[in-house]
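The structure under discussion appears below in the form of structure tokens.
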Amino acid sequence: MLTSKTENIHTSEGETAPLWTVYEDSFDPTLKKLHSQETVYTIGNGYFCTRGTFEEGYPRADTATLLYGVFDQVPIAKEELANIPDWTEIKLFVNDERFRLDRGTILDYHRSLDLTQGLLSRSVSWESPNGVRISINSQRFASLADEHVGIIRFSITVDSTPDDQPAEILIRSSFNTAQGNYNLMHVETVDQAHTDDLLWLHTETKRSLVQLAQTMSFTSDRTDFRKEILDSDISPSIRLYGSLKPGESLTTEKVVVMYTSRDGTDDVIRTALEHHRALLSADNVSQSYNGQFLFESLLTTQREAWAHFWQEADILVEGDDKAQVGLRYSLYQLRINTSSHDTRYSIAAKGLTGFGYRGHVFHDTEIFMLPFFTYVLPDIARNLLLYRYHLLPAARKKAASNGYEGAQYPWESTLSGDETTPPSIIHPETGELIPVLNGFIELHITSSIAHATWEYWRVSGDDDFLQEYGAEVLLSTAQYWASRVEKNPERTEYEITNVIGPDEWHEHVNNNAYTNYMARNNIQCALQALDWLKTNSPTKARQLVQQLNLTDERLAYWQDIIEHIRIPQNPETGLFEQFEGFFDLPKLDQSKFEGRKDSYQGILGVEVVQRYQIVKQADVLMLLTVLEREFDLKTKEVNWDYYYPITDHAYGSSLTPALHVILASQLGRTADVVKLFLAGALVDLENLRGNTPEGVHAACAGAVWQAAILGIAGLRVDEHGYTTNPHWPDGWKRLAFSFKHKGEAIHVDLHR
């Protein structure tokens, strides 16, 4: 449930900066809160993300840096993003007493994430067990301007000592290789050494053998502190030591450069060292007493890179501070979890922010996240779709292995395109071992990818993409559906049986409305793409017709499927039946479960929940949203009235509350709009689902953008241009945003 206080949002009247700031002013040591905030305060740049753990460490912290597309093999779940050596570690000792927040006394504490520049800052006043009072200030960021670079500025001031004598200070900056994905270690050291003042570490993933180089420089602003480099295969370090009198300070700077063998370099160590030396020799580097300080110069380019992003992506909301910060935080997460150039991987369900779902890619990307990129950052949208294009051979292999033609995409995928859905899991709520059937019978991801492909072309006007890549995806996926449907001779209709729809709580169902309708749409778009090719690129059209054996008979069969596929909908009322037999199930008496803390599946069990009309997440309503141009208001309203009350909004799924805003806005359900929007925008900032420790809800971040722009602003585009039809939530006074349509940058500023 939403709380009245948004813990991570700081909003002081008369100030504008807090509307760009995620903020906390007290430290909560409870483990769930600790891990949740580690996720919230993640920094990143699309090449890597680093969770918001403390530089000095904390017991049972889930420290992690995950790199875009760097996987290692695991049992059952095939492979997962590999946690690499921690680059943020800085340990501080004051008179031989270790600074850590579970020791001594915290006198003052503040932490903030500045979204305008991706800058994480923390200030702590602390008293050691023996009475030395110090102030710590740290700042760090992952460079958006130079994706291989991370940097930390770490400062200490001795405020007082019991005897007014100098305090002995030892500060040690390390690479910590003792990091795993929870209890599973993926990385081992190949070699380690130092060259002059640059320390370097060469590691590799244990099974996939990805090579990783990390280089480090660690400098300070004082001449009286000595430096020592400690080589080690486990924790190579640079340490500084000396003394500070009360009132004196020490400022240090840690610069790290990272490269992997995925970057196309034969010698990752040499490449990283050269890059690091180039940074240190730059003209705008400020001199310290025992090295070069890079922080200010790198922060300048960081600000410029983020300013460019926000110029394209920011959405201004006036009248609701919670919505404003939650929305900007969602956009921040979409950017830091996505590479600007790598087409070999995509956005995982938890991005690069945690271990949840192991870095696997679902249909979340195409349905929930890709619209943001299509409208705002089309170059990245193109890359995300090229990831799917590159995996067409694997999708064809999956279809063939199941006895079908064309391309069937896996429910979960990583780099190879093979199905990576685990065959079974332990249910997180019930503790029961359950088979995971999604990889076998949740088929609609294939049409989701086709839909995203078509929408990208429709909005961007990227004809080259459709000609060289998109049309083949559309035709190959249509081929799959045409072979997957079965003709029912009694009905003279085509059916798709034994599936799981988007709801996911009902398995082995027949003629799921979403699956069938989206399959039909997939085939329709494929035929339209082929017609477009015949006109605009006849050579490519002939090539694909020959390659895919698209005979006139086959194309006629596709058209027959379009006209006769089974769609379970009442022609008079417009009400869809989610799947055949759904209306025969009794409705669940939800009043019996007031005050619950789990989903209905968690309470009832996997088998029992299937006996009721209760829905985990939008299914019919998602169809009416994704293909909303095909349905009139009456159809939307009758289905909303039926399915919205039987959806588990509180604990079913984080994916659809924000997406529901689109329909709620169109139907004038203002109270629902506010509640649903905040349920999406604050899902991680307030840990509303209880699972933020596992990583951000990246799909929810995409749904929040859709809720604001396609829902509240009512943006629609077609070949002639765009229109808006705002539906104002209570309190909202202004909504301003930018998007691109067929290459033209457009800014919209709506006032109530």
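Filter the trypsin sites (Lys or Arg not before Pro) in segment 421-497 to those in DSSP coil with at most 16 other Cβ atoms within 10 Å of their Cβ, and list the result.
ARG491
Taking Cα atoms, how many degrees apart are the long axis of helix 31-40 and the longest axis of the chain, rounded to 10 and kept between 0 and 90?
80
Please identify every one of the chymotrypsin sites (Phe, Trp or Tyr not before Pro) in segment 148-238 that sits in a loop by DSSP and has no more than 13 other beta carbons within 10 Å of its own beta carbon.
TYR182
Using θ = phi - 60° and the Karplus form 6.51 cos²θ - 1.76 cosθ + 1.60, what ³J(HN,Hα) does each residue of segment 342-351 get, whole Hz, x for Gly and Pro?
7, 9, 8, 8, 9, 8, 7, 4, 10, x
Can you tell me the orientation of helix 321-336 relative to the chain, as the angle in degrees between its alpha-carbon axis and the longest Cα principal axis, to the nearest 10?
The two axes meet at around 90 degrees.
Can you list residues whose amide H is under 5 Å from GLU493's amide H, if they're 5+ apart or on another chain and H is modeled 1.01 Å from N?
Amide H neighbours of GLU493, under 5 Å, 5+ apart: ASN488.
If neighbour count is taken as other Cβ atoms inside 10 Å, put ARG734, ARG388, ARG153 in order from fewest to most.
The most exposed by this proxy come first: ARG734, ARG153, ARG388.
How large is the helix-only mean residue ellipticity at 222 nm for the chain, computed as the sum of -39500 (n - 2.57) over DSSP H runs with n ≥ 4, divided by its residue count, in deg cm²/dmol to the nearest 500?
On the way: 19 runs with 224 residues, N = 752.
Estimated from H runs of four or more residues: -9000 deg cm²/dmol.
Explain nothing, just compute: Karplus ³J(HN,Hα) = 6.51 cos²θ - 1.76 cosθ + 1.60, θ = phi - 60°, for every residue of segment 78-85 in order, whole Hz, x for Gly and Pro.
For segment 78-85, the Karplus curve yields 6, 7, 8, 4, 8, 5, 9, x Hz.
Using Cα pairs closer than 8 Å and at least 6 residues apart in sequence, work out the relative contact order for segment 379-647, in percent.
16
Let's see if you can work this out: charge +1 on each Lys and Arg Cβ, -1 on each Asp and Glu Cβ, no other charges. What is the dipole magnitude of segment 604-693 about its Cα centre, in debye to the nearest 20?
Details: 8 positive and 11 negative charges, 12 e Å.
Result for segment 604-693 is approximately 60 debye, rounded to the nearest 20.
Please name which of SER208, TRP306, ILE565 has its Cα lying farthest along the dipole of the chain towards the positive end, using unit charges on Cβ (Lys, Arg +1; Asp, Glu -1) and the Cα centre as origin.
ILE565
Report, in debye and to the nearest 20, how large the dipole of segment 379-647 comes out about its Cα centre when Lys and Arg carry +1 and Asp and Glu carry -1 on their Cβ.
Once rounded to the nearest 20, the dipole reads 420 debye.
Of the options SER653, LEU575, ALA452, report the single residue whose Cα projects farthest towards the positive end of the charge dipole of the chain (beta-carbon charges: Lys, Arg +1; Asp, Glu -1).
Of the candidates, LEU575 comes out farthest on the positive side.
Give the longest segment of the chain that steers clear of GluC sites (Glu not before Pro) in DSSP loops with at most 10 neighbouring Cβ atoms within 10 Å, not counting the sites themselves.
Numbers: sites that count: GLU13, GLU15, GLU490, GLU572, GLU594, GLU719.
Result for the longest clean stretch: 16-489.
Given Cβ point charges of +1 (Lys, Arg) and -1 (Asp, Glu) and nothing else, what value in debye, to the nearest 20, does the dipole of segment 41-306 about its Cα centre take?
440
Collect residues whose amide H, placed 1.01 Å from N in the peptide plane, falls under 5 Å from the amide H of TYR722; neighbours closer than 5 in sequence don't count.
So TYR722 has HN proximity to no qualifying residue.
Do you know the relative contact order of segment 27-171, to the nearest whole percent, from alpha carbon pairs under 8 angstrom that are 6+ apart?
Numbers: 273 pairs, mean separation 28.5, N = 145.
Result for segment 27-171 is 20 percent.
Alpha carbon centre of segment 716-752 versus segment 343-380: separation in Å?
Distance between centres, Cα-based: 24 Å.
Contact order normalised by length for the chain, with contacts defined as Cα pairs under 8 Å and 6 or more residues apart; what percent is it?
Result for the chain is 12 percent.
Would you please give the residues with an amide H less than 5 Å from that of GLN613, counting only those at least 5 places away or on a separate chain, with H modeled from the backbone geometry?
Hits under the 5 Å cutoff: LYS587, LEU588.
I'd like the Karplus ³J(HN,Hα) series for segment 513-530: coefficients 6.51, -1.76, 1.60, θ = phi - 60°, whole numbers in Hz, and an x wherever there's a Gly or Pro.
Values, residue by residue: 4, 5, 4, 5, 5, 5, 5, 4, 4, 4, 5, 4, 5, 4, 5, 5, 5, 5 Hz.
So which chymotrypsin sites (Phe, Trp or Tyr not before Pro) in segment 61-121 pass both tests, a DSSP loop state and at most 16 other Cβ atoms within 10 Å of the Cβ? Please report the intermediate quantities before stating the final value.
Working: sites: TYR68, PHE71, TRP87, PHE93, PHE99, TYR109; in loops: TYR68, TRP87, PHE99.
The qualifying sites: there are none.
Where a number appears in this text, it was derived from the coordinates with a stated rule and is not lab data. Keep in mind it's a predicted model, so treat the numbers as computed, not measured. Note: ideal-geometry Cβ built from the backbone for every residue, glycine included; neighbour counts use all protein chains shown.
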